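Before any comments, here is the structure.
The values are calculated or read from the model by the stated rules, or taken from the named source; none is laboratory data. In this text, all values refer to a predicted model and were calculated from it rather than measured experimentally. Here the Cβ is made from the backbone with ideal geometry for all residues, glycine too, and neighbour counts use every protein chain on show. Quick note on the areas: whole protein, heavy atoms, side chains included, nothing else; ligands and nucleic acids left out. Shrake-Rupley method; radii C 1.70, N 1.55, O 1.52, S 1.80 Å.
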Amino acid sequence: MAKMRWLYWIFFITLLSIISYIYRFFIYEFIYKRITPTWVAITDFMAVLIYFIAIIPLTAFLSEKLATYAQSKELKNSKSFKLFMIVMMAIPITLFSAKIMNEYKEKNLDDVINYQSTAFNDFEFKFIGDHYDEWKTNEQETVEELIEFLSEYRVKKMKDDEWDSDVSQDKGFYMTIFLDGKPNMISIYEDRVLLYRSGGYKVVNGPIDMDWVEKYHEKHR
């Protein structure tokens with residue numbers, strides 16, 4: 001029985017890691033990218049609820065079946081089964097490591113912003129100076145002019161505890177790009193960037209030229 005439980009927990013932890021990764025990817029790529037901000041809280045609640053009432057019980061059921069089958073066939077002592085288990089345990093570790101490496105590697109700022117010309121609807125710009133000065137446009141060329149400028153800079157994701165929420169002394173601007181009607185809100189300062197859906201980034205080859213940004217602002221407002 002002890003061996004049975006050992007097999008069960010190996011299968012459970014491995015399968016839960018893999019299924020959780022796939023579930024999270026599905027929720028982010030096919031749900032969050034297609035909803036408006038007003039539905040985010042409800043979607044979060046439903047995603048967590050489904051995870052606990054469906055994903056975890058399903059994983060436990062499959063793990064029990066796999067452990068029972070392995071025990072009945074005496075597979076646990078075979079070399080091929082041991083190799084299979086090693087591969088199974090390596091998969092979630094590899095997926096997690098790849099995710100972390102991709103998340104924290106250096107990237108172009110325009111890639112992080114993820115502007116899509118085909119999904120573009122509207123654009124709001126707010127310059128942070130002596131006073132807030134805001135304007136809005138739906139001209140794609142105006143947005144792409146700014147995106148092309150920002151593409152010259154590279155950023156690297158910051159850990160949550162590295163982000164200083166006091167930006168009162170920082171020069172920068174806010175912008176919101178509406179893609180398929182959904183807002184992508186971004187705060188850009190000389191040495192750091194905040195994307196409201198993915199966190200903070202430090203500018204690697206900064207500081208960002210705010211004089212250029214101010215001229216851009218004056219030109220289009």
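Against the numbered list (1) open to solvent by 100 Å² or more (accessible area, probe 1.4 Å); (2) at pLDDT below 80, MET101 comes up short only at (2).
Just one of the listed residues (VAL143, VAL193, VAL167, VAL112) is assigned to a helix (DSSP H, G or I) and closer than 27 Å to ALA41 by Cβ, namely VAL112. Entry remark, the range 143-178: residues being hydroxyl-bearing (Ser, Thr, Tyr) and either within 14 Å of LEU194 (Cβ to Cβ) or without any contact (Cβ under 8 Å) to a residue 12 or more places away in the chain (or both) number 4 in total. If the condition is being open to solvent by 50 Å² or more (accessible area, probe 1.4 Å), over 18 Å from the mean Cα position of the chain (by Cα) and over 21 Å from ASN108 (Cα atoms), then the range 146-169 contributes ASP164, SER165, ASP166, SER168, GLN169. Annotation: SER187 fulfils all but one of (1) over 12 Å from ASP110 (Cβ atoms); (2) part of a loop (DSSP other than H, G, I, E, B); the unmet one is (2).
The residue of the range 104-126 that is surrounded by the fewest Cβ atoms within 10 Å (Cβ to Cβ), among those that are in contact with a helix residue (DSSP H, G or I) (Cβ under 9 Å, 6 or more places away or on another chain) and among the hydroxyl-bearing types (Ser, Thr, Tyr), is SER117.
Kindly indicate whether ARG221 is out of contact with any Cys (no Cβ under 6 Å at 6 or more places or on another chain) and touching a residue at least 60 places away in the same chain (Cβ under 8 Å). So ARG221 fits the description; yes. In the condition set (1) assigned to a helix (DSSP H, G or I); (2) open to solvent by 20 Å² or more (accessible area, probe 1.4 Å), GLY206 is compliant with all but (1).
In this structure, is TYR189 crowded, with 16+ Cβ neighbours inside 10 Å and either β-branched (Val, Ile, Thr) or closer than 25 Å to LYS99 by Cα (or both)? It is false that TYR189 is crowded, with 16+ Cβ neighbours inside 10 Å and either β-branched (Val, Ile, Thr) or closer than 25 Å to LYS99 by Cα (or both).
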